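Novice: Please read through the structure below; I'll follow up with questions.
The values are calculated or read from the model by the stated rules, or taken from the named source; none is laboratory data. Since we're looking at a predicted model, the values are computed, not measured. Glycine gets a Cβ as well: all are built from the backbone with ideal geometry, and neighbour counts include every protein chain shown. All accessible areas refer to the heavy atoms of the entire protein, side chains included, with ligands and DNA or RNA removed. Shrake-Rupley method; radii C 1.70, N 1.55, O 1.52, S 1.80 Å.
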Amino acid sequence: QVQLEESGGGLVQAGASLRLTCTASGRSNYDMGWFRQAAGKEREFVAAISWSSSLSTYYTDSVKGRFTISRDDAKRMMYLQMNSLKPEDTAVYYCAAGRGFPRRAVFSYDYWGQGTQVTVSS
């Protein structure tokens, strides 16, 4: 079992930065990911990081070069550094843990946090 809790969301202006944190309890040998869900839209993949020593990372095209995912298993934390935020990044952001494939799919993750709101004003 894994429990996940997100923090770090907020209201910022376009161009600003935020860092989201996901704190995990329980086992840590899972791939982990960030997803987001804007109002009236389906939940979508943002970024993922593997639990293996390679710590491979994956990003959706719209955030490449702006967002960076990382994890610190000793602290049981995962991060999403978000730079150059845009109004279209506005959504509830969820962290997730799982072992399925593909890593971009919602169904690949077994555990989810409650989400944190990120709002980017223009």
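Novice: Closer than 15 Å to residue 4 by Cβ, touching a residue at least 12 places away in the same chain (Cβ under 8 Å), assigned to a loop (DSSP other than H, G, I, E, B) and hydrophobic (A, V, I, L, M, F, W, C): does that describe residue 51?
Specialist: Against the criterion (closer than 15 Å to residue 4 by Cβ, touching a residue at least 12 places away in the same chain (Cβ under 8 Å), assigned to a loop (DSSP other than H, G, I, E, B) and hydrophobic (A, V, I, L, M, F, W, C)), residue 51 qualifies.
Novice: Can you tell me which of 91, 97 is more than 17 Å from residue 120 (Cβ to Cβ), touching a residue at least 12 places away in the same chain (Cβ under 8 Å) and either open to solvent by less than 20 Å² (accessible area, probe 1.4 Å) or out of contact with any helix residue (DSSP H, G or I) (no Cβ under 9 Å at 6 or more places or on another chain) (or both)?
Specialist: Step by step, each of 91, 97 is checked, and only 97 is more than 17 Å from residue 120 (Cβ to Cβ), touching a residue at least 12 places away in the same chain (Cβ under 8 Å) and either open to solvent by less than 20 Å² (accessible area, probe 1.4 Å) or out of contact with any helix residue (DSSP H, G or I) (no Cβ under 9 Å at 6 or more places or on another chain) (or both).
Novice: Now for a different question. Going through the stretch 44-61 one residue at a time, which ones are open to solvent by 50 Å² or more (accessible area, probe 1.4 Å) and more than 14 Å from the chain's Cα centre (by Cα)?
Specialist: The answer is 51, 53, 54, 55, 61.
Novice: Here is a further query. List pairs: first in the stretch 1-30 and at pLDDT below 95, second open to solvent by less than 30 Å² (accessible area, probe 1.4 Å) and of a type in the set (Phe, Trp, Tyr), Cβ under 7 Å, 6+ apart or cross-chain?
Specialist: Matching pairs, first to second residue: 2/30.
Novice: Okay, next question. Would you confirm, using the coordinates I've provided, whether residue 36 is outside any loop (DSSP other than H, G, I, E, B), at pLDDT 95 or above and open to solvent by less than 50 Å² (accessible area, probe 1.4 Å)?
Specialist: Yes; evaluated as a whole, the condition is true for this residue.
Novice: Can you find a residue that is open to solvent by 20 Å² or more (accessible area, probe 1.4 Å), charged (D, E, K, R) and farther than 14 Å from residue 93 by Cβ anywhere in the stretch 16-26?
Specialist: Looking through the stretch 16-26, none of the residues is open to solvent by 20 Å² or more (accessible area, probe 1.4 Å), charged (D, E, K, R) and farther than 14 Å from residue 93 by Cβ.
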